[in-house]
Amino acid sequence: MNKLRILLADDHTLIRDGLKALINVQQDMEVVGEAGDGMLAYKVAKELRPDLIVMDVSLPELSGAKSTELIKHELPGVKILALTVHEDKGYLRQLIQAGASGYVLKRAAAEDLIHAIRAIAGGGVYVDPAMMSKVVGGSTRLRSLDEALKTSNLSERETEVLRLIALGYSNKEIAAQLDISIKTVETYKARLMEKLDLHSRVDIVRYALRQGLMQDY
C-alpha cells in the first residue's frame, strides 16, 4: 500500500514531534519531511513533492498563507491543511484563497486532525467544526441570496447547493437538507460548476468566500 507522504511545517519542534508521532502510527500515512519556517517549507516541498502539507498559519520568514500560495503555484497537486491557533474566520478565508483545502485548530482532537488529513487527501474540503459556527453564523440559509444571484447566472437552488458544498456537506446531506434527491443535487452541482467554470470543491469554496456566501447575517 502506498502511504500518504506528508510534510510538516511548524516553527515549534515539540508540535512537529507530536504531529509526527501521531501521523506515523497511521498505517496509510507517513511524515517524509519537516520545516520550521515558511520559506523552508516552500523549498522542501519543491524538493520532496509530498502528497500533503500540514501548514502552520503563523510561520517566520514567510507566512503560512504566502508559503501555501507559492507551493500551490509550483505544485498544484499538493494538498495543504492549515493548522492554527487562530479562530478568526479572516484567517480561514485567507488560507482557503491561497489554496489550502482544510483548516484545523491546534486544540482539535487528534482524531479530528487525522480525519481532516484523509478528507482533503481524498479531494475533499475540511473546516474545523469549531470554526463552522463562525462561518455560517448558525444559519443554513444564504446571507444575501438576491445579491449573490445578481453576480452570477445561477438559479436560487444552484446557489444554495453551491454554498452547502462549500461548507463541506456531502451530496447526501444536501439532498436531505433541501428535500431533493441525491441525483438532483449532482445535477445542480454539475450545472453550477459548468456555469462558473469551477473544477473542484476547493474552487467552489474560493468562489463562495469571494461572493460572501459563507459570512454571518
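Nothing in this text is a laboratory measurement; each read-out follows from the coordinates by a stated rule. Keep in mind that what you see is a predicted model, and the values were worked out from it rather than measured. Cβ placement follows ideal geometry from the backbone for every residue including glycine, while neighbour counts extend to all protein chains displayed.
Each residue of region 57-62 in order: what ³J(HN,Hα) in whole Hz does its phi give by Karplus 6.51 cos²θ - 1.76 cosθ + 1.60, θ = phi - 60°, with x for Gly and Pro?
These are the phi-based 3J(HN,Hα) values: 6, 9, 10, x, 6, 8 Hz.
Could you give each residue of region 101-106 its phi-based ³J(HN,Hα) in whole Hz, using Karplus coefficients 6.51, -1.76, 1.60 with θ = phi - 60°, and x for Gly or Pro?
Working through the residues one at a time gives 9, x, 9, 10, 7, 5 Hz.
Just rank S67, S170, fewest to most, by other beta-carbon atoms within 10 angstrom.
Starting with the residue having the fewest Cβ neighbours, the order is S170, S67.
For a quick check: with amide H placed at 1.01 Å from N, whose amide H comes under 5 Å from M29's, ignoring anything fewer than 5 positions away on the same chain?
L4
I'd like to know how region 4-135 sits against the 2.2 N^0.38 Å rule of thumb: what's its Cα Rg over that expected value?
Working it through for region 4-135, the quotient is 0.92.
Which of H199, H115, H12 comes first, and how do the rest follow, when ranked by fewest Cβ neighbours within 10 Å?
H199, H12, H115
Can you tell me the FRET efficiency between S200 and V85 if r is taken as the Cβ-Cβ distance and R0 is 35 Å, rounded to the nearest 0.05?
FRET efficiency, S200 to V85: 0.80.
Check K79: other-chain or 5+ apart residues with amide H under 5 Å from its amide H, H built from backbone geometry?
Answer set, sorted by chain and number: L52, I53.
What distance in nm separates the two pseudo spin-label positions at D179 and A109, each 7 Å out from Cα along the beta-carbon direction?
If labels sit at D179 and A109, their model points lie 3.3 nm apart.
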